[in-house]
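Enquirer: Got a structure here, written out as structure tokens. Questions coming.
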Amino acid sequence: MNTVSKSALQTVHRSVLVVADLEMNWMLFDYLVAKNWSVDYVAHNDLALAAVKRRPYDLVVTAEVSSAREDLDLLRRIRAVRPHTRMIVLTSYPTPKDTLAALREQAFSIFSKPYSLETLKAMIAIAMDAPCWDDGIEVVSATPAWIRLMIRCDLPSIERMVQFFQELADLPALERTQVATAFREMLLNAAGHGAGFDPQEYVEVSYLRAKHAIACRVTDPGPGFNQSPNALGSPNQHDGAPEKEMEPAVPTASNRNFGILVAQHFVDELIYNEQGNEVLLIKYLQAPSLAMIPESY
């Protein structure tokens with residue numbers, strides 16, 4: 001009984017600061033009200049900074065009407081006062097450059113309209129539960145066409161990275177969701193089978209944007225695996241595989257292989273190295289999507 005009471009007390013003390021405006025999603029408001037958290041609302045970023053100076057918050061959620069650049073400037077100013085504050089950026093006018101900046105500034109996540117409210121709610125829950133997050137995603141190097149990252153081998157870091165990928169990938173909506181699903185499966189395989197979801201281990205990820213294709217390279221710290229056709233099975237066994245998110249299971253050969261089959265379903269090429277601990281996902285761009293990335297990206 002005492003343990004439960006202590007846990008409930010700790011939950012009450014979790015706090016969220018929301019920069020609210022007239023365009024705030026009221027279903028998000030209802031979700032926050034239903035939680036046993038302390039939730040404060042302010043009208044704009046300057047008031048948010050003043051509120052954070054007065055007291056610490058576990059999470060700050062920005063307003064959709066402000067730009068990502070303005071919100072990241074707020075994050076920098078908040079970090080000068082509260083270095084470990086989490087921020088989820090909501091914005092209506094995102095660019096891949098904004099997403100890359102959010103990664104560099106270690107924003108917890110970024111969402112642009114239209115976004116899934118359920119996905120946002122899940123990300124808020126992760127942010128409120130995560131005991132340590134600062135080192136979950138590290139930007140090693142980044143250019144407009146080639147981004148290299150290190151991702152901690154735990155589920156919260158993976159889910160954060162998949163959402164960043166959704167915002168970063170310069171693809172039509174359907175193709176972006178498909179490639180993100182394949183990317184998530186490979187991250188789960190790498191973290192689960194390559195590192196046993198050991199948070200002391202990291203997966204290396206490279207995202208490349210070429211003129212006619214995008215590619216994701218995922219390298220895990222493990223010894224690799226058997227890539228024979230008999231071990232992997234046939235992709236036709238899972239034609240029409242659903243695009244819904246799947247919870248990671250205890251790493252086994254069967255769920256690893258199913259993850260590979262799901263990824264094969266959504267990308268044009270999936271290539272493993274000889275050792276089996278490095279995979280390359282390639283999605284070729286169709287004619288309407290061949291525009292070059294702007295130089296300002």
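Every number in this text was worked out from the coordinates using simple rules, so none of it is lab data. Please read all numbers here as calculations on a predicted model, not as lab measurements. FYI the Cβ positions are ideal-geometry reconstructions off the backbone, even for glycines, and counts take in every protein chain you see.
Enquirer: Looking at the P(r) of region 1-133, how many percent of alpha-carbon pairs lie beyond 25 Å?
Expert: Everything past 25 Å amounts to 21 percent.
Enquirer: I need the calculated FRET efficiency for the pair residue 25 and residue 81, taking r as the beta carbon distance and R₀ as 35 Å, to the nearest 0.05.
Expert: 0.80
Enquirer: How much length would be gained if the chain were fully extended between residue 70 and residue 200, taking 0.36 nm per residue of separation minus their Cα-Cα distance, in nm to one decimal?
Expert: 43.4 nm
Enquirer: Next up: Please give the charge dipole size of region 1-133, origin at the Cα centre, charges +1 on K and R Cβ atoms and -1 on D and E Cβ atoms. Round to the nearest 20 debye.
Expert: In total the dipole reaches around 560 debye.
Enquirer: Sort 197-208, 76-87 by the packing proxy (mean of other Cβ within 10 Å over each peptide's residues), most packed first.
Expert: 197-208, 76-87
Enquirer: If you count the DSSP beta bridges with both ends in region 79-151, what percent of them are antiparallel, to the nearest 5?
Expert: Beta bridges within region 79-151, antiparallel portion: roughly 55 percent.
Enquirer: Pop out the Kirkwood hydrodynamic radius of region 6-79 from its pairwise C-alpha distances, inverse of mean 1/r, in Å to one decimal.
Expert: Over region 6-79, the inverse of the mean reciprocal pair distance is 12.9 Å.
Enquirer: Right, next: Given a Förster distance of 22 angstrom, what is the FRET efficiency for residue 116 paired with residue 92, based on the Cβ-Cβ distance and rounded to 0.05?
Expert: After rounding, the FRET efficiency stands at 0.90.
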